[in-house]
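Colleague: One structure, as structure tokens, below. Some questions next.
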Amino acid sequence: MEHLQTLLLPLLLLMCPPASTDYAWKWRERGGEAKAASRNHSAPYVAYLQGRDNHSCAGLLVAPGWVMTAAQCLVHEPQTVILGARTLQSREKSWQTFEVKEYHSHPGFKISNLKNGNDILLLKLNGNATRSDYVKPISLERSSKIQGSTECRVLSWGHRRDRVTLCEATVTIFKSRDCLPYYPGLPNKMICGKSKSSEVPAKDGAGDPLVCKDKAYGIFSYQYRSFGIYTQVAHFASWVDTVLKSA
């Protein structure tokens with residue numbers, strides 16, 4: 001583990017050298033309402049997933065040894081998971097770093113047909129995270145009932161030049177029937193949401209967590225016009241339970 005961290009940190013520092021305090025987040029630049037996540041780390045369940053060729057995704061710690069993200073992230077094979085981070089400019093004392101031991105993609109997922117849904121992936125870590133003020137699993141939302149015009153937040157790793165920092169934005173979630181006029185055929189296992197910016201979350205933000213009332217509500221999959229389309233966690237809660245128990 002220490003050897004992995006030694007190899008990883010120079011790469012991260014090369015990609016993200018120490019930034020000044022004059023932060024300007026990429027979503028805000030595009031007219032969105034995104035901001036830096038709270039300094040008291042109000043999202044201790046968010047993970048940074050580093051894959052091949054410097055590709056990355058966001059994810060959620062859903063159990064001490066498990067992270068949930070979008071199945072499409074498997075294309076870049078996430079290999080390292082960092083928990084407890086707020087920025088990636090330099091290592092923080094709160095970090096916990098793991099290697100990915102196993103990949104469990106939903107059997108119904110097809111990268112060639114994102115619109116069919118099932119865009120969910122579970123990563124088994126090579127150890128269990130230690131609970132702290134900076135690292136805590138999040139509970140899954142298990143009710144598939146959607147309250148119309150619910151305000152939630154989406155979290156993402158914001159990239160701007162040499163800065164990689166955890167950001168968040170407010171997203172309004174709509175009932176499926178309210179989305180259908182704009183997106184006929186939207187599967188009921190998907191959620192549509194909208195922010196003040198059509199680019200929140202970013203098009204390349206696969207795996208960005210959607211959190212409502214401190215529960216894992218969705219995983220960003222793709223954009224459709226001005227809507228963000230998310231995998232609805234509640235529809236896959238039983239599958240998640242099965243994988244966690246059997247692996």
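Colleague: What percent does the relative contact order of region 68-176 come to when contacts are Cα pairs within less than 8 Å and at least six residues apart?
Modeller: Averaging sequence separation for qualifying contacts and normalising by length gives 25 percent for region 68-176.
Colleague: Ok, one more. Are there any trypsin sites (Lys or Arg not before Pro) in region 66-100 that are in a DSSP loop and have at most 16 other Cβ atoms within 10 Å? List them by number.
Modeller: Those satisfying the criteria are Arg91, Lys93.
Colleague: Now, a different point. How high is the relative contact order of region 93-245? Use alpha-carbon pairs under 8 Å, at least six apart in sequence, and give a whole percent.
Modeller: 22
Colleague: Taking the Kirkwood radius as the inverse of the mean 1/r across Cα pairs, report the Rg/Rh of region 108-206.
Modeller: Here the Rg-to-Rh quotient is 0.99.
None of the figures in this text is laboratory data; all of them are computed from the coordinates on show. Since this is a predicted model, take the numbers as computed values, not measurements. Cβ atoms come from the backbone with ideal geometry, glycine included; neighbour counts cover every protein chain shown.
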